[in-house]
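Below: the structure, in structure tokens.
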Amino acid sequence: MSAAVFVRTLSDSRRSLTGWAVGTALVGMAYASTYPSQRQNTASIPEALRESLHVDGTAAGYLQATVFGVIVPLLAMAYGVATGSRAIAGDEESGHLDLLLAHPLTRTRFALQRFAALVAGAFGIATLVWLAILAVRNSAELTDVTPVEFLAQCLNLALLASAFGALALGIGAAVGRRAVVLVVSAAVGVLSYMAGTFATQIGVDWLAYLSPFHYYIGGEPLKNGFQWGDGAVLVLASAVFVLVGLARFDSRDLSS
């Protein structure tokens, strides 16, 4: 199967992808570097919030509460939603999708190659975040967390970005309206983040299991390493989002 759409998508998005990757890595590195000066401040965080974010005085606890608990995953989610919303709905609204599909290429192959490019970008961002954190690991006194444990968390970061990208792409494939994609994806992102973070504190533990963020960080990869079961759930969720969207995409009339 020709990978022309995959290659062209990565080529066309190389500048924005570079911006996402470098920006996310620099933000993560900057906040990780503050651990020596901030680790004593964790005691001032309310107990309920410390429990929900797995905060403690260790390097892993600090990173789970800041870099990998809030800042970096929200940027990864934003990348997935922004890229997924453009993958089909963006081209459809601009009128370019009809021209692209006029080539000998099925809608399914087109969408899957667009999604593959999104996933490749997500893994590129996660890889650069991993390298950036390793660059300051010694100077920021983060040596209690091994490179493999950082890699485990960054793998989940890539899968989280891919899952939200799959959601956005699936909605865009189904409805063809980028505004709808952005509104729905943002709402799902906010609600799922709140569910994954605070479900236990409000007495509805089961709600956390509906949130991608639970499978991203709930197993605490920075302490426990690779969480293959959680990663499998994120992969399965991505597949469902894409396939449901494609079922509608293959049968509906496109906007012109």
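So that you can scan it fast, the table gives a plain yes or no per residue for (1) modelled with pLDDT of 95 or more; (2) under 30 Å from ARG39 (Cβ atoms); (3) open to solvent by 20 Å² or more (accessible area, probe 1.4 Å):
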site: ALA89; (1), (2), (3): no, no, no
site: GLU93; (1), (2), (3): no, no, yes
site: HIS103; (1), (2), (3): no, no, yes
site: ALA120; (1), (2), (3): yes, no, yes
site: GLU141; (1), (2), (3): no, yes, yes
site: GLU149; (1), (2), (3): yes, yes, yes
site: GLN153; (1), (2), (3): yes, yes, no
site: ALA158; (1), (2), (3): yes, yes, no
Say we look at region 19-49 and pick out the residues that are surrounded by 13 or more Cβ atoms within 10 Å (Cβ to Cβ) and of a type in the set (Ser, Thr, Tyr); which of these is modelled with the highest pLDDT? THR24
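What do you reckon, is GLY172 more than 14 Å from the chain's Cα centre (by Cα), free of Cβ contacts under 8 Å to residues at least 24 places away in the same chain and part of a helix (DSSP H, G or I)?
no
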Which one of the conditions (1) open to solvent by 40 Å² or more (accessible area, probe 1.4 Å); (2) under 29 Å from ALA247 (Cα atoms) does GLY80 fail to meet, given that it meets all the rest? (1)
With the requirement that a residue be over 18 Å from ALA65 (Cα atoms) and in a helix (DSSP H, G or I), what does region 137-154 give you? PRO147, VAL148
For region 52-62, how many residues are at pLDDT 85 or above and under 22 Å from TYR209 (Cα atoms)? 1
Which pairs turn up if I take residues in region 191-213 that are free of Cβ contacts under 8 Å to residues at least 40 places away in the same chain and look for partners that are open to solvent by 40 Å² or more (accessible area, probe 1.4 Å) and outside any helix (DSSP H, G or I) with beta carbon separation below 7 Å, at least 6 apart in sequence or on another chain? ALA195/LEU210
For the list (1) under 30 Å from LEU100 (Cβ atoms); (2) modelled with pLDDT under 90; (3) open to solvent by less than 30 Å² (accessible area, probe 1.4 Å), I need the number of the one condition that THR197 fails. (1)
Within region 214-239, count every residue that is in a helix (DSSP H, G or I), open to solvent by 20 Å² or more (accessible area, probe 1.4 Å), within 17 Å of GLY69 (Cβ to Cβ) and not hydroxyl-bearing (Ser, Thr, Tyr). 5
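The values are calculated or read from the model by the stated rules, or taken from the named source; none is laboratory data. These numbers were taken from a predicted model, which means no experiment stands behind them. So basically every Cβ, Gly included, is an ideal-geometry build from the backbone, and we count neighbours across all protein chains shown. Heads up: the accessible areas ignore ligands, DNA and RNA and are worked out on the full protein's heavy atoms, side chains in. Shrake-Rupley method; radii C 1.70, N 1.55, O 1.52, S 1.80 Å.
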